[in-house]
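Structure, as structure tokens:
The values are calculated or read from the model by the stated rules, or taken from the named source; none is laboratory data. Given the structure is predicted, the values throughout are model-derived calculations rather than measurements. We place every Cβ from the backbone using ideal geometry, glycine too, and count neighbours over all the protein chains shown.
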Amino acid sequence: MPSQRLTTRVATSEPRFVGYPRAAAGAPNVVVVVVDDVGFAQLGCFGAGFATPNIDRVAAAGLRYQRFHVTSVCSATRASLLTGRNHHAVGMGVTQEAALGFPGYHGRIPRSAAMLPRVLRDHGYNTMAVGKWHLTPQAEYSAAGPFERWPLGLGFERYYGFLGAETNHWAPELVRDNTHIDPPRTPDEGYHLTEDLVDQAIRMIQDQQQAEARKPFFCYLATGAAHAPHQVTEEWVAPYRGAFDAGWEVWRERAFERQLAEGVVPPGTVLTERPPWVPEWEGLSADERRLFARYMEVFAGFMAHTDHHLGRLFDTLDELGIADDTLLMILSDNGASAEGGPTGTLNEAAGWLGLTETVDDALEHLDEIGGPAANNHYPFGWAWAGNTPLRLWKRYAWLGGVRTPLIVRWGDRLAEPGGVRPQFCHAVDLYATVLDAAGITPPETVDGVTQQPLDGASMLATFADPGAADPRVLQYFEMMGSRGIYHDGWKAVTDHVTNQFDERTHLTGSFDFATDRWSLFHLAEDFSEAHDLADEHPDRVRRLEELWWAEAGRNQVLPLFEFPESMAHLHPGEFPRPAAAVYRPGGGPVQESQLPAVLGGFTLTAYVEVPDGGADGVVTALGDRHGGWALYLLAGRPVATFALLDGAVRVAAADPVPPGAHVVGLRYEPGGDARVVLAVDGHDVAQAALPGLVFFPNLTTAGAGLLVGRDRGLPVSADYRPPFAFTGRLDRVELRSGRPGAQPDDDTRLRAAVSSD
């Protein structure tokens with residue numbers, strides 16, 4: 001470029017203006033909707049039988065892909081979708097909670113895999129993300145970041161949602177851009193996360209269009225639904241009362257009939273048999289059937305509610321006159337989830353540890369299922385049914401874990417709208433498809449960093465040609481030791497079983513990779529993995545296994561994930577946990593991963609000033625009624641409640657704290673005679689037994705972090721309602737780990753061992 005002519009006078013100088021990137025002519029708006037833990041048969045247009053009319057109308061004007069695949073867990077699928085690379089190739093071999101110190105598992109997306117929003121932004125798009133993220137390491141959730149792996153650090157210009165695997169839909173942990181915020185309303189005021197997320201997405205799109213409608217936008221909306229906890233108001237559940245009384249086998253058979261009629265499974269597909277570890281419905285007791293049906297009624301209402309609010313987003317695109325110019329994709333990140341265990345659970349976190357309540361106990365809370373008092377998940381029989389006609393579920397390389405719905409709509413750019421496409425495709429292909437639709441060549445470098453080759457391929461040809469070739473003919477699968485490989489119409493998959501619920505005792509399989517058996521399926525003719533041909537084609541099995549090992553080496557899959565051995569290699573945070581820390585009122589929640597380790601004991605010391613009339617309110621609270629603990633003054637008396645996963649422990653002092661300056665203490669002393677102790681001015685005033693094995697405060701990302709001087713969302717105890725702010729003067733609290741010589745990541749390791757995604 002020739003040099004610019006500059007003189008002492010404007011009149012004789014040459015202006016040269018800074019340019020802005022501009023999208024190619026005809027580049028579409030892009031909206032990607034990711035629903036969570038929704039199985040192949042859990043949308044109306046894929047045979048569900050419960051109401052998803054808004055998603056169905058998108059499908060009627062668009063295309064359904066019957067052979068779309070994902071990675072089988074949340075973080076990994078999202079990484080593949082947004083980077084266009086296989087999940088291990090960008091360090092996302094498992095979920096963020098279980099990130100390991102190995103290249104394929106570290107959970108830190110590299111700069112060599114610039115995300116889709118970054119590339120679109122560099123080519124003239126506005127970019128916005130709403131909802132579940134789950135691509136930031138859990139140790140980086142705090143107000144100190146680092147923020148480079150938060151949405152704004154990876155290419156989005158706007159963000160509203162939650163960072164973790166899941167959150168409570170009545171009282172979520174929310175972030176706007178790079179700041180933690182309180183929900184705009186309380187559960188009592190009618191708040192629900194799905195409605196809020198859609199409101200935010202609509203507002204972002206409206207604002208962008210009013211400011212600059214000539215500029216295309218990319219909106220990524222990832223709902224918390226239908227991941228557990230399944231939570232929705234009773235009005236949405238009521239239409240499904242009795243709808244599932246016939247049980248999961250009957251529902252599955254009817255769903256299969258609908259799928260055949262819809263054409264989302266091809267003629268000749270075999271409905272796979274009920275596995276032996278899923279109980280026969282008719283063999284259950286009447287109480288079990290009543291409870292299990294209720295869990296599924298709530299899930300159906302939850303899905304209908306989600307669809308209703310997504311419909312408001314779709315209506316907005318219509319009202320703004322941009323629906324036909326918008327490439328809209330709707331998908332699920334993995335198959336239906338079996339994490340509720342064989343009998344379902346009122347508290348999902350407790351279920352991970354095998355602390356499932358009895359059927360009789362759960363029936364006493366039947367009407368609470370779906371509401372703020374429950375953190376529920378359905379029995380795994382409904383997960384099996386939700387993946388009709390496929391085998392298994394989330395976390396496995398079998399089709400029930402990796403084949404999910406995909407719906408695409410893009411005005412008149414699609415041939416035969418309402419049709420079903422048969423091409424094999426994967427979440428990793430969506431990145432290349434969007435860039436192709438936008439007329440963008442994948443960049444070779446971003447910020448001077450050479451980019452990894454894309455693993456996906458564009459599906460654009462399939463939009464216009466129902467008979468187009470598959471975008472690719474090869475794809476490996478691996479999740480927590482479960483392995484599979486697809487090549488040119490054939491798929492091989494192992495029977496490897498990880499330590500999950502009662503699956504470990506009921507599934508036929510092994511824990512040893514060397515003894516895993518590879519099954520073989522001709523998916524070109526066997527849509528549901530019904531006919532194992534391994535014994536008939538041993539040479540093909542051997543070649544596919546060798547091909548899997550080659551792909552594993554190329555994509556950083558090794559070493560293979562092993563439970564529980566892998567938990568000893570969890571990736572640390574930026575800093576080790578402190579042995580002690582001081583917290584003052586007025587700030588936002590301190591994330592659990594930044595606190596001193598508490599599982600092996602702790603001491604909390606609060607410096608308070610009580611006025612003449614006495615004081616009430618929260619001194620410190622962590623988590624909520626589904627797992628957490630709180631120290632507070634009630635009628636002036638110190639009280640501590642530990643919401644354990646198998647029931648609450650409450651301890652209260654007999655006398656109120658008198659007026660004046662005082663030191664209120666709380667100790668958790670682990671061991672064979674574990675106990676919690678209250679103290680005032682150095683004198684013990686009350687104590688109670690506290691079993692350490694079930695003390696997992698704030699086990700999930702669903703509950704609030706540590707709050708000082710107030711609580712928010714759901715309370716830890718029924719003794720109070722948030723915020724229950726402290727009415728005296730609270731100077732500070734000091735939290736000290738009771739085992740300062742312990743490894744700083746022990747708490748994280750224990751949580752990751754049982755974490756959901």
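Residues of the range 241-279 being in a loop (DSSP other than H, G, I, E, B) and over 22 Å from Leu523 (Cβ atoms), which ones? It would help to see each step written out before you state the result.
Going residue by residue through the range 241-279, those that are in a loop (DSSP other than H, G, I, E, B) are 241-247, 263-279.
Residues satisfying the conditions are Arg241, Gly242, Ala243, Phe244, Asp245, Ala246, Gly247, Pro276, Trp277, Val278, Pro279.
Show me the strands (runs of 3 or more DSSP E) entirely contained within the range 80-197 in which 1 or more residues are over 19 Å from the mean Cα position of the chain (by Cα) and under 24 Å from Leu706 (Cα atoms).
In the range 80-197, the matching strands (runs of 3 or more DSSP E) lie at 179-181.
Looking at Gly263, Gly301, Gly321, which is the one that is among the small types (Gly, Ala, Ser), modelled with pLDDT of 95 or more, surrounded by fewer than 19 Cβ atoms within 10 Å (Cβ to Cβ) and closer than 21 Å to Thr404 by Cα?
Matching residue, one of Gly263, Gly301, Gly321: Gly263.
So which residues in the range 368-378 are in contact (Cβ under 8 Å) with a residue 40 or more places away in the chain and farther than 20 Å from Cys74 by Cα? Walk me through it before giving the result.
We begin by selecting, within the range 368-378, every residue in contact (Cβ under 8 Å) with a residue 40 or more places away in the chain; these are 369-378.
Those that are in contact (Cβ under 8 Å) with a residue 40 or more places away in the chain and farther than 20 Å from Cys74 by Cα: Ile369, Gly370, Gly371, Pro372, Ala373, Ala374.
Here is a yes/no grid of residues against (1) part of a strand (DSSP E or B); (2) assigned by TED's automatic domain parsing to the domain that holds Gly705:
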residue: Glu574; (1), (2): no, no
residue: Thr603; (1), (2): yes, yes
residue: Val608; (1), (2): yes, yes
residue: Gly614; (1), (2): no, yes
residue: Val618; (1), (2): yes, yes
residue: Gly628; (1), (2): yes, yes
residue: Tyr632; (1), (2): yes, yes
residue: Ala640; (1), (2): yes, yes
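Listed here are the residues, each with its yes/no results for (1) in contact with a Pro (Cβ under 8 Å, 6 or more places away or on another chain); (2) assigned by TED's automatic domain parsing to the domain that holds Arg421; (3) within 26 Å of Phe314 (Cβ to Cβ); (4) without any contact (Cβ under 8 Å) to a residue 40 or more places away in the chain.
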| residue | (1), (2), (3), (4) |
| --- | --- |
| Gln208 | no, yes, yes, no |
| Cys219 | no, yes, yes, no |
| Ala226 | no, yes, yes, no |
| Trp236 | no, yes, yes, no |
| Asp245 | no, yes, no, no |
| Glu253 | no, yes, no, yes |
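How many of the residues in the range 465-489 are hydrophobic (A, V, I, L, M, F, W, C) and outside any loop (DSSP other than H, G, I, E, B)? Step through it out loud before you land on a result.
Of all residues in the range 465-489, those hydrophobic (A, V, I, L, M, F, W, C) come to 468-469, 473-474, 477, 479-480, 485.
Filter again for outside any loop (DSSP other than H, G, I, E, B), leaving 474, 477, 479, 485.
The qualifying residues number 4.
Could you tell me which numbered condition Pro117 fails, if it satisfies all but one of (1) in contact with a Phe, Trp or Tyr (Cβ under 8 Å, 6 or more places away or on another chain); (2) at pLDDT below 95?
(2)
Which of the residues that make up the range 324-334 are surrounded by 17 or more Cβ atoms within 10 Å (Cβ to Cβ) and under 22 Å from Ala415 (Cβ atoms)?
Of everything in the range 324-334, those that are surrounded by 17 or more Cβ atoms within 10 Å (Cβ to Cβ) and under 22 Å from Ala415 (Cβ atoms) turn out to be Thr326, Leu327, Leu328, Met329, Ile330, Leu331.
Return yes when Pro151 is over 30 Å from Asp367 (Cα atoms), buried (at least 16 other Cβ atoms within 10 Å of the Cβ) and touching a Lys or Arg at 6+ places or on another chain (Cβ under 7 Å) and no when it is not.
no
Assess whether Pro589 counts as being out of contact with any Phe, Trp or Tyr (no Cβ under 9 Å at 6 or more places or on another chain), buried (at least 18 other Cβ atoms within 10 Å of the Cβ) and assigned by TED's automatic domain parsing to the domain that holds Gly671.
Taking the combined requirement at face value, the residue satisfies it.
Quick one: count up the residues across the range 1-37 that are out of contact with any Ser or Thr (no Cβ under 9 Å at 6 or more places or on another chain), assigned to a loop (DSSP other than H, G, I, E, B) and under 27 Å from Val119 (Cβ atoms).
The qualifying residues number 13.
Any residue at all in the range 664-674 that's over 24 Å from Glu592 (Cβ atoms) and either buried (at least 21 other Cβ atoms within 10 Å of the Cβ) or at pLDDT below 95 (or both)?
Checking the range 664-674: at least one residue is over 24 Å from Glu592 (Cβ atoms) and either buried (at least 21 other Cβ atoms within 10 Å of the Cβ) or at pLDDT below 95 (or both).
When you look at Thr462, is it farther than 30 Å from Gly153 by Cβ, assigned to a loop (DSSP other than H, G, I, E, B) and at pLDDT 95 or above, yes or no?
Considered against the rule, which asks whether it is farther than 30 Å from Gly153 by Cβ, assigned to a loop (DSSP other than H, G, I, E, B) and at pLDDT 95 or above, Thr462 comes out as no.
Could you list, in sequence order, the residues of the range 632-660 that are closer than 30 Å to Ala362 by Cβ and modelled with pLDDT of 95 or more?
Scanning the range 632-660 gives Tyr632, Leu634, Val639, Ala640, Thr641, Arg650, Val651, Ala652.
Can you name every residue in the range 35-53 that is surrounded by 24 or more Cβ atoms within 10 Å (Cβ to Cβ) and of a type in the set (A, V, I, L, M)?
Val35, Val38, Ala41, Leu43, Ala48
Quick check on this structure: which one of Arg675, Arg650, Arg667 is within 19 Å of Val708 (Cα to Cα) and of a type outside the set (A, V, I, L, M, F, W, C)?
Arg667
For the structure I just gave you, tell me whether Pro723 is at pLDDT 90 or above, buried (at least 16 other Cβ atoms within 10 Å of the Cβ) and either under 29 Å from Trp170 (Cβ atoms) or not aliphatic (A, V, I, L, M) (or both). Walk me through how you get there before you give the answer.
Values: at pLDDT 90 or above: yes; buried (at least 16 other Cβ atoms within 10 Å of the Cβ): yes; either under 29 Å from Trp170 (Cβ atoms) or not aliphatic (A, V, I, L, M) (or both): yes.
The answer is yes for Pro723.
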